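Input: a single structure, listed below in C-alpha cells.
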Amino acid sequence: MKNNKIIIWSIVVIIAAVLGYYFYTKNQTQAISWKTSPVQSGDISLIVTSTGSISADTTVQVGTQVSGVISSLYADWNTVVKKGQLIAMIDTTFLAATKEDAMASMEKAQLEVHQMKTEYDRTKLLYDSLVLPRADYDVALTNYKSAQSSVKSANSLLRRAKINLKYAKITAPISGKIISRNVDVGQTVIASFNTPTLFTIANDLSKMQVQANVDEADIGEVKVGQQATFTVDAFPNETFSGKILQIRLLPNVIQNVVNYTVIINAPNKALKLMPGLTANINIIVQKHNNILKVPANSFHFIPPAEYYENDKTLPDSIKIQFKSARIGSLSEGDQAFLWIKQDETIIPHKVTIGITDGSFTEVSGNLKVNDIVILGISKEKTAETTTKNPFMPSMPARKTR
C-alpha cells in the first residue's frame, strides 16, 4: 500500500513538471530575424592615409654675402616682388671706404710698376752696353715683374671691394611673394659660414605642394603618378586633390617609426592653401570602378551549425570548410562564402575577394545587385503573455490604502 502511494505521487510530480515546462516555454517564445545588407554596385578604392604639411612649390631664402647694418627695407610681409627688385639695403659706409682703400692701393701699385719699368729699361741699356753685370740686370727684371704682380693683386682687391659694395643692395632672386621677413632697420647682419636669412620668397602660391610623411609599412604601395586627396583644418568641408610627383629616398624617423617624404602637387588657383597648413592625406593606391561590393563584415558571419549540417544539398567538403572557417584572415584573391537570403532560407555562395577600403569589400562570383547578404542574427524577445504558470509560486499583492 505504501509503495502504491509513492508511485502515485511520483506520477503527479512528473505531470506537474511537464505542465510547468509547457507553460514556461509557451510564454517565452522568441522571434529570430537576420541582419542583412544588399549587394551594391559602385567604385571602391584602396587608400593609404598620412599627414603632412603644405609648402610653396619653390621657396628661396634670401641672405647676404656682406656684413653690415640694415639701413633700408623696401619690402615687407606679403609684398609681391619681381626678380632683381631692390628689397633691402645694407649701410655702405665701411664698404665704400674699403673700395677707396683698394683704389689707392691700385694707384700705388701702378706707380711702382712705372718706376720699376724705368729702372729696368735703364739697367737693360747698361747691361747691353756691357757696363753692368748680369746680376744687376736680373734684380731689375725681378723687381719689375714683382711690381706687375702687385698691380694684379691690387686690381683683384679693387674688384672685390666693388662687388661687396654691390652686394650691399639686396635684390629678389626670383619673382614671387615674401612670406617671411627676419630683419629690421638698424639690425646688424654678419655674413659667415651660415648666411643669415633676411627674407623668404615663395615663387608662385597658386602652385603649392604637400610633403606627406608615409609610413614604411605603406610606402611600397605608393607610386609616382597616383592620385591623392587631402583636407586642411582651415577648410574642413572642402577636399583638395593632387598627384604624386616624387618619393624621396631619405628616411625620416618620427617617434621611432621610419617615414618617407612623398611630394604631392596641389593646385591653388583660389589661393586658399597657405604654407605651413597641416594636411590629412588619402593616397589612392588602387581603384576599381563599377564592381560588386558588400559590407566588409559580411565575411565575419558563420551560420549556426543546424543551418548547414542538416542541409543535404551541401557537400561534406563545404561543411568542413564552414567548421574550420577563420574570421579576419582573408586577403585579396582569396575565396570565401557569403550567405544569401532567398525567401525564408539562406544559401551559401562562393565568391572571390578583391580589394577593400575597410567598410566595403569587392567581390566577384555568382552574385547580382540587390542580393540580400546575411551579416548576422538578430534575436528579439516577444512580450510575455499574461498567462501564468499555475505551478510557479506567486508573490503576494501589495495592498493599497
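The values are calculated or read from the model by the stated rules, or taken from the named source; none is laboratory data. Everything quoted here is computed from the prediction, not taken from an experiment. Cβ placement follows ideal geometry from the backbone for every residue including glycine, while neighbour counts extend to all protein chains displayed.
Structure summary
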item: Close pairs from segment 105-130: first of a type outside the set (Asp, Glu), partner at pLDDT below 85, Cβ under 6 Å, at least 6 apart; result: LEU126/LEU132
item: Those strands (runs of 3 or more DSSP E) lying entirely in segment 6-88 with at least 2 residues modelled with pLDDT of 90 or more and under 30 Å from LYS272 (Cβ atoms); result: 40-56, 59-63
item: All positions within segment 343-364 that are in contact (Cβ under 8 Å) with a residue 24 or more places away in the chain and in a strand (DSSP E or B); result: ILE346, PRO348, ILE353, GLY354, ILE355, THR356, PHE360, THR361, GLU362, VAL363, SER364
item: Hey, ALA191 at pLDDT 90 or above and either within 30 Å of GLN65 (Cα to Cα) or among the β-branched types (Val, Ile, Thr) (or both) or not; result: no
item: Residues located in segment 98-141, provided they are of a type in the set (Ser, Thr, Tyr) and over 60 Å from the mean Cα position of the chain (by Cα); result: THR118, TYR120, THR123, TYR127, SER129, TYR137
item: Boolean, PRO236 is touching a Phe, Trp or Tyr at 6+ places or on another chain (Cβ under 8 Å), assigned to a strand (DSSP E or B) and not aromatic (Phe, Trp, Tyr); result: no
item: Which listed residue is assigned by TED's automatic domain parsing to the domain that holds ALA191 and either among the small types (Gly, Ala, Ser) or within 17 Å of GLU112 (Cα to Cα) (or both), from SER156, SER146, SER150, SER180; result: SER180
